[in-house]
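The values are calculated or read from the model by the stated rules, or taken from the named source; none is laboratory data. Note that the structure is predicted; figures quoted are calculated from it, not measured. We place every Cβ from the backbone using ideal geometry, glycine too, and count neighbours over all the protein chains shown. When the accessible area is computed, the model is the full protein with side chains, heavy atoms only, and any ligands, DNA or RNA have been set aside. Shrake-Rupley method; radii C 1.70, N 1.55, O 1.52, S 1.80 Å.
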Amino acid sequence: GALVYQYPRRTICKSGTSMRMECQAVGFQATSVAWYRQSPQKTFELIALSTVNSAIKYEQNFTQEKFPISHPNLSFSSMTVLNAYLEDRGLYLCGAYRAGNTEVFFGKGTRLTVV
Amino acid sequence: TQTVSQSDAHVTVFEGDSVELRCNYSYGGSIYLSWYIQHHGHGLQFLLKYYSGNPVVQGVNGFEAEFSKSDSSFHLRKASVHWSDSAVYFCAVRGNTNTGKLTFGDGTVLTVKP
């Protein structure tokens, strides 16, 4: 089966510091990976869509300078939240696209708390 | 540009009732639609999807959804809900490409009372 693992599941960081989260696709090749953020009581906002061998596309209000993403191969992606502040808290989801498949497989998310 | 609208922020029903959660979308081309469920404090769980073919699709735990091109809708239904169905339900739309971005609606909070 197709599974997506995200770690850490939960993390707490001090305001102004950075934290890195990882996403691992197991059982399939993730040709594209989308990173989402769900702020408290909100829906899922797309941060960026990363496709192997293509440029990473960031959505409006999200930048590479704030959320640098690495997608070095077809099974792994990571994203860092730089200089995290209170408004960055929430659940960060990784969604992996399998080549030729219409479904996006999601991990369980990394919950970020900023103190 | 693709958009998703879930008109009901909150829906409350009793156990055993039927329920319909509404989803409307806008997109100019072929489309891929899906529903996800999020239990409190957890990530997303896939329920069902529509891509082509039979407009009524079956999902897990007795859920089904019906695609209507004329209404631009993809409403989710369940004939008899259980208290464990209480969660937030998200409708999502994606353009018909292998790398089209998935856009989520604002979600509907379903509360099932005993």
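Computed values, structure above
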read-out	value
Environment charge at B:Ala92 (Cβ cut-off 13 Å; Lys +1, Arg +1, Asp -1, Glu -1)	0
Taking chain B and dividing mean pair separation by its residue count, relative contact order in percent (alpha carbons under 8 Å, at least six apart)	37 percent
Long-range amide H partners of B:Asp106 with built H, under 5 Å	B:Gln6
Semi-axes of the equivalent ellipsoid for region B:57-114, Cα gyration tensor, largest first, Å	24, 14, 11
Proximal charge balance of A:Ile12 [Cβ under 11 Å; K/R count +1, D/E count -1]	+4
Chain A: most fluctuating residue of A:Phe105, A:Phe76, A:Phe44 per GNM, C-alpha cutoff 10 Å	A:Phe44
With eigenvalues of the C-alpha gyration tensor scaled by 5 and rooted, chain A, Å	23, 14, 12
Per-residue ³J(HN,Hα) for region B:44-55, Karplus 6.51 cos²θ - 1.76 cosθ + 1.60, θ = phi - 60°, Hz, x for Gly and Pro	8, 10, 6, 9, 6, 8, 10, 10, 6, x, 3, x
Max mean-square fluctuation residue, GNM over chain B, Cα-Cα springs under 10 Å, options B:Lys49, B:Lys101, B:Lys78	B:Lys101
Relative contact order computed over region A:3-114 (Cα-Cα under 8 Å; 6+ residues apart), in percent	39 percent
Charge sum, other residues only, whose C-beta stays under 15 Å from B:Gly28's C-beta, Lys/Arg counted +1 and Asp/Glu -1	+3
Accessible area (Å², 1.4 Å probe, nearest 10) - A:Arg111	70 Å²
Candidates A:Lys42, A:Lys14, A:Lys66, ranked by Gaussian network fluctuation over chain A, Cα under 10 Å, top entry	A:Lys42
DSSP-defined beta bridges in region B:3-113 - what % are antiparallel, rounded to 5	85 percent
From phi via Karplus (6.51, -1.76, 1.60), per-residue ³J(HN,Hα) for region A:13-18 in Hz, x at Gly/Pro	9, 6, 4, x, 9, 10
Relative intensity, log₁₀ I(q)/I(0), of chain B from a Debye sum that treats every alpha carbon as a point, q = 0.10, 0.15, 0.17 Å⁻¹	-0.27, -0.60, -0.76
For region A:38-115 versus region B:51-114, the gap between their alpha-carbon centres in whole angstrom	23 Å
Distance violations [Cα-Cα > 27 Å] among B:Lys69/B:Lys113; A:Lys14/B:Lys101; A:Lys14/A:Lys108; A:Lys66/B:Lys49	B:Lys69/B:Lys113; A:Lys14/B:Lys101; A:Lys66/B:Lys49
Percent of C-alpha pairs per 5 Å bin, the protein assembly as shown, short to long	1, 7, 15, 18, 19, 16, 12, 7, 3, 1, 0
